[in-house]
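I have a structure I would like to understand better, so I am pasting it below and will then ask my questions one at a time.
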Amino acid sequence: MGLKMSEPESSVGVYGISVAAELTGLTVRSLRLFERHGLLRPARTAGGTRRFSRDDLRRALRIAELLADGVNFAGISKILDLEQEGSDLRGDNAALQTQNAAMRADDSRHQVDHGRHPLRGRMTTEEPDTARRRSRHSPAEGHGGKPSRPG
């Protein structure tokens, strides 16, 4: 029987600063600088040792990319915040689309279960003329001879 190791969540801090530097190709000094400017927030052990997550490593690489493009630390902070906000909104939108599709499917099932056509909204067993006669304002009746608009 073999041991099965599971991959930690991408947000769990597992890498020390020297390993994080090696994995990203950045220096320990750069990672500390990014943290000092509030751009990285690695987890800390009870003893205060930094623990970087895979998400932290991706963020550090994005910071280095923006620095190489000439963006200052304040600009990088704003860009990263906007990128996160956009990502959050895309996730919210996808969840809402899924909920909307489920609600539409449920509504269609409900309408079919009650003898209504999901698109036309009238009884599927009833003739169209019967439905029109029951309507309060059928096109044949008009609106009591009154014009629909003044003038």
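The values are calculated or read from the model by the stated rules, or taken from the named source; none is laboratory data. In this text, all values refer to a predicted model and were calculated from it rather than measured experimentally. Positions of Cβ are backbone-derived with ideal geometry, glycine not excepted, and every protein chain shown enters the neighbour counts.
Do any helices (runs of 4 or more DSSP H) entirely within the range 54-151 hold 2 or more residues that are at pLDDT 95 or above, and if so, which?
Per the criteria, 54-68, 73-113.
Within the range 15-34, track down each residue that is without any contact (Cβ under 8 Å) to a residue 40 or more places away in the chain and not in a helix (DSSP H, G or I). Break it down stepwise before answering.
Start the filter on the range 15-34 by keeping residues that are without any contact (Cβ under 8 Å) to a residue 40 or more places away in the chain, which leaves 16-19, 21-23, 25-34.
Result: 16, 25, 26, 27.
Next question, about the same structure. Right, residue 58: within 27 Å of the chain's Cα centre (by Cα) and among the basic types (Lys, Arg) or not?
It is true that residue 58 is within 27 Å of the chain's Cα centre (by Cα) and among the basic types (Lys, Arg).
Now, a different point. Does any residue in the range 76-104 that is without any contact (Cβ under 8 Å) to a residue 60 or more places away in the chain and under 27 Å from residue 35 (Cβ atoms) come within less than 9 Å, Cβ to Cβ, of a residue that is among the aromatic types (Phe, Trp, Tyr) and surrounded by 10 or more Cβ atoms within 10 Å (Cβ to Cβ) six or more places away or on a different chain, and which pairs are these?
The qualifying pairs are 76/34.
Which of (1) within 24 Å of residue 72 (Cα to Cα); (2) surrounded by fewer than 12 Cβ atoms within 10 Å (Cβ to Cβ); (3) in contact (Cβ under 8 Å) with a residue 12 or more places away in the chain does residue 10 not meet, given it meets every other one?
Result: residue 10 passes all but (1).
Scan the range 35-59 for residues that are touching a residue at least 40 places away in the same chain (Cβ under 8 Å) and surrounded by 17 or more Cβ atoms within 10 Å (Cβ to Cβ) and report the count.
5
Give the range 60-91 a look and list any residue that's exposed (fewer than 13 other Cβ atoms within 10 Å of the Cβ) and either polar (S, T, N, Q) or at positive phi (or both), or say none.
The answer is 70, 72, 84, 87.
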